[in-house]
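Notes follow the structure.
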Amino acid sequence: MNQNHVEEIKPVVSVLMVTYNREQYIRTALKSVLRQKTSFPFEIIICEDCSTDNTLAICKEYANNFPTIISLIVNEQNLGYQRNNLKCLKAAKGKYIAVCDPDDYWISKNKLQIQFDLLEQNPQYSLCFHRVLNYYENDGSKSLSNGSEKKGVYTQIDLSKKNFIANVSCFFRNKIFDLPVGIEEVTSVDYVFSMLCGEKGDYFYIPKVMAVYRKSESSIFVGKDRAKGLLMSYNVRQFLTKLFSGEDVIVSNLKLASANILYGLYKHYKSESEGEKSAEILEKIKSEYPDFWNNSESNPRSTLQERFLRLVKQSLTLCRKQVSKLFPLPKIR
């Protein structure tokens, strides 16, 4: 561990940055955090997970240049994203937690101050989040998150239907939940954190774009290994279903989301001509989620109007993607 604080200053906000092999991105991420204009001190905790590229050297450079802000924790062995994330959270000293993964970055200098002010003035909220710019590296297209999210306040029940909180936008109260048994086995711990925050208060949505969420080809959620990403999404919902077993509405929402994910996996395997895997998933859906399967498959034929509207939506999405490539990404200097 390399803790380079010259003097002990109690941070109000802890920014978590877990990293592994992100040499091409991490400078931008760190610059975007260091340029924040705040009325309070904040810390950046970097948990470096035995990178095999130049990531560690870059982290050491920044930790040496900003010793009162950056704490660099170097793992002796590779822990994996989830365990590294938990280690980073446990090291946080601040009253609040913000997150900036090293391949993402913040584009508003006032992001931390805006979110800090909101939670300070509204104790009924456990977490706030904001809109982000999604950047798809494989084709250069862009989109805005949460286009359908209109209201400001959301509940744990809302979040159980789908995870609409981008990790790079997340800002929550520290130490308001206990880590549940088995969480170290869950890869998508950010969704679990957000759901646990919902036990202590609602969520507030800020419709201001203040960060870039990079979706690269190496991402299992948008890259080549689509099946792995779907299975991860399914598994975290299985964990949450057990965790909230006494909450009927939440469990019902999580089960419906799980069924939808499995259906997406079924269609993926089918499109890849992986008949054995698609048949296995199909049987799983039928046995574990019979109501979903009956509702989705008993009426496979859509009306002409529905097919037309779906085609229009697909065409508009394609046009948006092409036009978005013309606009450059915001740069951090």
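The values are calculated or read from the model by the stated rules, or taken from the named source; none is laboratory data. Fair warning: this is a prediction, and the values are worked out from it, not measured in the lab. Cβ coordinates were reconstructed from backbone atoms using ideal geometry, including for glycine residues, and neighbour counts include every protein chain displayed.
For the reader, a short list of remarks on this structure follows.
- Any hit, segment 112-124, residues being more than 28 Å from residue 8 (Cα to Cα) and either β-branched (Val, Ile, Thr) or at pLDDT 95 or above (or both): yes
- Of the residues examined, residue 16 is one that is touching a residue at least 24 places away in the same chain (Cβ under 8 Å), buried (at least 21 other Cβ atoms within 10 Å of the Cβ) and part of a strand (DSSP E or B).
- Residue match in segment 163-172 (condition: β-branched (Val, Ile, Thr), assigned to a loop (DSSP other than H, G, I, E, B), more than 18 Å from residue 210 (Cβ to Cβ) and out of contact with any Cys (no Cβ under 8 Å at 6 or more places or on another chain)): no
- Among residues of segment 19-38, those that are part of a loop (DSSP other than H, G, I, E, B), under 25 Å from residue 86 (Cβ atoms) and not hydroxyl-bearing (Ser, Thr, Tyr), counted: 4
- Unmet criterion (only one of (1) charged (D, E, K, R); (2) modelled with pLDDT of 95 or more; (3) surrounded by fewer than 20 Cβ atoms within 10 Å (Cβ to Cβ)) for residue 150: (2)
- Number of residues in segment 152-193 that are over 21 Å from residue 118 (Cβ atoms) and of a type in the set (A, V, I, L, M, F, W, C) equals 7.
- Condition met for residue 114 (surrounded by 15 or more Cβ atoms within 10 Å (Cβ to Cβ) and touching a helix residue (DSSP H, G or I) at 6+ places or on another chain (Cβ under 8 Å)): no
- When residues of segment 159-182 are limited to those that are surrounded by fewer than 21 Cβ atoms within 10 Å (Cβ to Cβ) and in contact with a Gly (Cβ under 9 Å, 6 or more places away or on another chain), the one nearest to residue 86 (Cα to Cα): 174
- Neighbours by Cβ (under 6 Å, 6+ apart or cross-chain): first from segment 157-168, closer than 11 Å to residue 249 by Cβ and not assigned by TED's automatic domain parsing to the domain that holds residue 248; second crowded, with 19+ Cβ neighbours inside 10 Å and not β-branched (Val, Ile, Thr): 160/253; 160/254; 161/253
- A single entry from 246, 223, 201, 229 fulfils the requirement of being over 18 Å from the mean Cα position of the chain (by Cα) and modelled with pLDDT under 95: 246.
- Residue in segment 122-139 that is closer than 27 Å to residue 55 by Cα, surrounded by fewer than 18 Cβ atoms within 10 Å (Cβ to Cβ) and touching a Cys at 6+ places or on another chain (Cβ under 8 Å) present: no
- Any hit, segment 306-329, residues being touching a residue at least 12 places away in the same chain (Cβ under 8 Å), part of a loop (DSSP other than H, G, I, E, B), under 29 Å from residue 141 (Cα atoms) and not aliphatic (A, V, I, L, M): yes
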